[in-house]
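The values are calculated or read from the model by the stated rules, or taken from the named source; none is laboratory data. Everything numeric in this text was worked out from a predicted model, so none of it was measured. Heads up, the Cβs are rebuilt from the backbone with ideal geometry, glycines too, and the neighbour counts pull from every protein chain shown. Protein only, heavy atoms only, side chains kept; ligands, DNA and RNA dropped before computing areas. Shrake-Rupley method; radii C 1.70, N 1.55, O 1.52, S 1.80 Å.
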Amino acid sequence: MDSILIPVIVFLLVYVAITFELVNKAVATFSGVAILVMLHVVSEHQAIELIDFETIMLLFGMMVIVSILKHSGLFSIVSVKIAELTNGSPVKILVLFSVVTALMSAFLDNVTTVLIIIPIIIELTRGLGLDPKKYVLSQAIISNIGGTATLIGDPPNVIIGSKVGLTFNQFILNLGPIVIIIFCVSLFFIWITNRDQFTSIKGNLVKIFSVQLLLEKIRYEFLSIEINRRIMIKGLVFLVITILLFVTQTITGLSPGVVALSMGVFLLLVSRVDIEHVLEEIEWSTLMFFAGLFILVGVLEEKGVIEWIAHHIFLNVGDNPYVAVLLILWTAGIMSGFLDNIPFTITMIPIVQIMLENNPIPNNLLWWALALGACLGGNITIIGASANIVSVGISKKYGVNISFIEFMKTGMIISFISLTLASLYLMGYLWIVL
Amino acid sequence: MTDTQKSMDKLFIDLVKVYSSSKTSIIALQAIIDALDHLECSYDELKDQVRILSDQIKNTQPRMFPLDNLMILFDKESGSHFQSRDIDSTKNGLKTIFKSYLDRLNDDLVKLTHQGLKFVEDGDLIVIHSIEENVELLIPEAKKQGKIFKVLILKQDFETTGHVIKILDKHEIDFQVIPEYDLVHYFEQVDKLFIGAQALTLDNKLICDPGTSNIVSECHLNNIPVYLFLKSLKLSHFPASEQNIKKYETKEHHGGIEYKEIFYSNDIVELKLVDHIIMENGETNIDKVHDFAIH
């Protein structure tokens, strides 16, 4: 009994520390690991074996590629070009930036995406005399929706893909269609509920004139960094190769982790960028956080705690596949809104595995339910996803304060709509395959 | 003050931090031409729209020269274009006026640069501190012509000084950066101070970037000749008190003490402290300078 009690208490304490941001997430998880090792609940060798290095490799490799692309100035160029394309039209600002945010979040990483998009969208909307809040909110929400579409788009997907062995193509083929629908419906919702913010400026000479001045200011402000076309081209070539290797995973037999790490390292080699500079950009604390969580959840799994939760909570609902899929989707959705979705996903993976052993549901539908729930539920509150926290943080720096409640008012409704659409999609999918 | 007026003022203030007032005016003229292209309204609305834009530009805080003068000219010249009742030909007529202003501004800048070159001599150590035509055009042109000189940049705010450094570095001009308050240590070495201005008021006050007044006064006291490069379009029809210089008040904190900080968008410099006034047609003096104002 004692051997179960200690890891459970440590795990709960770490979870509380993470949720209420009492200490740095990586420090919280590794403190938990240190306690377990010191109390001989797990040996240091066992702890290392519990880390899923496939996930760590995938995250590290993508961080290297994104860091090099960021330093080349690519993202700034893209943002400024999009700003120019909008020509100050509020609807175009919403739609074009949302498309870019969704695509960048799907194929790169959504924190980097909002870091680049939010400042430019604040400058643009504020210069037009619009309230930047709705635009900031929309980009944070869209980044989470876009990231849901691919294996590399959002941390929960990275974890599910790596731990379960689902491919890049499986993610994009199974989640892509519903993500596109959710993206369109969410944008429509944002537009319809804030129509006064999206009136055309075509009939207002002063506003059109101000937009032209504003674009000049934005060009100066965001393109004053050094643009390195040589590195940009190399970075883009390697990004395309990486995605191609993800897509052809079943042919090459190379896992996403191996592909991302190899391409990241090769890009470092050929771009000849300052390695120290790139390494500074790597989110080491995130990687440590992942590694620590894998150990904590691994210990719970080995001690039979996860199996107990699976049997006593999730398997209690019976063997109706529709109920099981909806249970995972909505539990993941609601929990991810209030808890960090990374530890939640890591905890849920062994539970879903046990559920599948007891009640096999075809076409990985339970995994898609977990991925959709964990990613889309992150939109409920500011703390639900890293992109939300970062978006609100940057906005504050620019004098735009978004409160927890303000975020939740929009985020909760969009999450509810998203999860309802995801439910219909999964139910339909299940009805077809059963 | 309306929100759109506030937004416009802020945009001009931000642009003037990194471009000269002439270049900002060129950007604004091109922006008006583009805006007219994109505008969708009826013929009856057009006149009102143009009037509102002109009024807002003339009411910016601070006044934006040479654009302010050009809009006064525009108000006089545009009347005849509103008689055709055809929106496209009216828009084209208005755009032609603004294009002619663009040409005029560019020509004036070429002439001013040409006149200014006479005052850059081999061996000079020239002091500069803000972005005006002398930094954007004159000093790079002097370098292109093979003149051998050095520049001492007096550090201002991060953005402005950063932009000055970029321009000088791009043209491979030898420069050194010092804090403004350290100029005292260089008086034995410096040969001249180059300044520009955003406007010269009716009462002979120069509207300049913040900090210019101190530098000019210090140079004047230490017999360092002050050269002003000024386009005739920057001659204002208003006294300094009507230049709409913007006053800012912010709340600051230090060591737990909250206090109010007040600062202004521009500095005011007495023209009599300037030793040489160089305009498009050559050097002039304080008594004749206003003869070149537009009417």
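Of note:
- Nearest-ten-degree value, helix A:168-193 long axis tilted from longest Cα axis of chain A: 50
- Placing pseudo-labels 7 Å out from each Cα toward the beta carbon at A:Thr250 and A:Asn87 gives an inter-label distance of 4.5 nm.
- Taking 0.36 nm per residue of separation and subtracting the Cα-Cα distance, full extension of the segment from B:Ile87 to B:Ile72 would add 3.2 nm.
- Rounded to 10°, Cα long-axis angle of helix B:3-18 versus longest principal axis of chain B: 40
- Computed over the alpha carbons of chain A, Rg followed by Dmax gives 22.0, 75 Å.
- In the protein assembly as shown, the DSSP beta bridges split such that about 45 percent are antiparallel, to the nearest 5.
- Extended-chain gain in nm, criterion 0.36 nm per residue less alpha-carbon gap, A:Val185 and A:Leu103: 27.9 nm
- Residue-wise HN-Hα couplings along segment A:254-268, as the Karplus relation 6.51 cos²θ - 1.76 cosθ + 1.60 with θ = phi - 60° gives them from phi, are 8, 6, x, x, 5, 4, 4, 5, 4, 5, x, 5, 5, 5, 4 Hz; Gly and Pro carry x.
- Normalising by residue count, segment A:173-306 has a Cα convex hull of 244 Å³ per residue.
- Karplus-derived 3J(HN,Hα), 6.51/-1.76/1.60, for each residue of segment B:174-190, Hz, glycine and proline x: 5, 9, 9, 10, 9, x, 3, 6, 8, 4, 3, 7, 10, 4, 6, 9, 6
- Where a label projected 7 Å from the Cα of A:Asn169 along Cα→Cβ would reach, residues of segment A:251-277 with amide N under 15 Å: A:251-256
- In the structure shown, the pairs A:Lys396/B:Lys231; A:Lys397/B:Lys143; A:Lys207/B:Lys272; A:Lys202/B:Lys111; A:Lys234/B:Lys143; B:Lys10/B:Lys231 are assessed against 32 Å; a Cα-Cα span above that value is assigned to A:Lys396/B:Lys231; A:Lys397/B:Lys143; A:Lys207/B:Lys272; A:Lys202/B:Lys111; A:Lys234/B:Lys143.
- Segment A:221-268-segment A:95-173 distance, computed between alpha-carbon centres (Å): 18
- Once you divide the Cα radius of gyration of segment A:1-57 by 2.2 N^0.38 Å, the number left is 1.18.
- Kirkwood Rh in Å, taken over segment B:71-200 so that all alpha-carbon pairs contribute: 17.2
- Among A:Phe198, A:Phe11, A:Phe338, residue whose mean-square fluctuation peaks in a GNM of chain A (springs only between Cα atoms under 10 Å): A:Phe198
- As a calculated quantity, the FRET efficiency between A:Val95 and A:Met412 at R0 = 22 Å, using C-beta atoms, amounts to about 0.45.
- Among B:Thr90, B:Thr201, B:Thr60: highest mean-square fluctuation, GNM of chain B, C-alpha pairs under 10 Å: B:Thr90
- Plainly put, the protein assembly as shown has a radius of gyration that is 1.07 times its Kirkwood radius, both from alpha-carbon atoms, as the Rg/Rh ratio.
- Separation in nanometres of the label points that stand 7 Å from Cα toward Cβ, at B:Lys251 and A:Asn358: 5.7
- Estimated purely from DSSP H runs of n ≥ 4, each contributing -39500 (n - 2.57), the mean residue ellipticity at 222 nm for chain A is -25500 deg cm²/dmol once divided by its residues.
- Ordering A:Val433, A:Val352, A:Val27 by accessible surface, largest first, gives A:Val27, A:Val433, A:Val352; the 1.4 Å probe counts only protein heavy atoms, with every chain in place.
- A cut-off under 14 angstrom between Cβ atoms defines the neighbours of A:Ile413, and their net charge, with Lys, Arg +1 and Asp, Glu -1, is +1.
- Dividing the convex hull volume of the alpha carbon atoms of chain B by its residue count gives 148 Å³ per residue.
- Theoretical FRET efficiency, 1/(1+(r/R0)^6), r = Cβ-Cβ of B:Asn223 and A:Glu276, R0 56 Å, to 0.05: 0.65
- Label-point separation, A:Asp131 to B:Ser241 (7 Å along Cα→Cβ), nm: 4.2
- For segment A:326-399 versus segment B:1-56, the gap between their alpha-carbon centres in whole angstrom: 47
- Paramagnetic reach from B:Leu202 (point 7 Å along Cα→Cβ, amide N under 18 Å) across segment B:53-67: B:58-60, B:63-65
- On the basis of the beta-carbon distance and an R0 of 22 Å, B:Val184 and B:Leu273 show a calculated FRET efficiency of 0.80.
- Helix A:284-302 axis, angle to chain A major axis (alpha carbon atoms, nearest 10°): 30
- Per-residue Karplus couplings for segment A:100-107, computed as 6.51 cos²θ - 1.76 cosθ + 1.60 with θ equal to phi - 60°, are listed in order as 5, 4, 5, 5, 5, 5, 6, 10 Hz, Gly and Pro entered as x.
- For segment A:14-94, Kirkwood radius (reciprocal of mean inverse C-alpha pair distance, Å): 16.9
- Unit Cα scatterers, Debye sum, segment A:325-392: log10 I(q)/I(0) for q = 0.16, 0.28 Å⁻¹: -0.49, -1.14
- Annotation: extensible slack from A:Phe53 through A:Leu22 equals 8.4 nm (criterion: 0.36 nm per residue apart, minus Cα-Cα distance).
- Under 5 Å from the amide H of B:Val177 lie the amide H atoms of B:Ile153, each residue being 5 or more positions distant or on a separate chain, with H modelled from the backbone and absent for Pro and chain starts.
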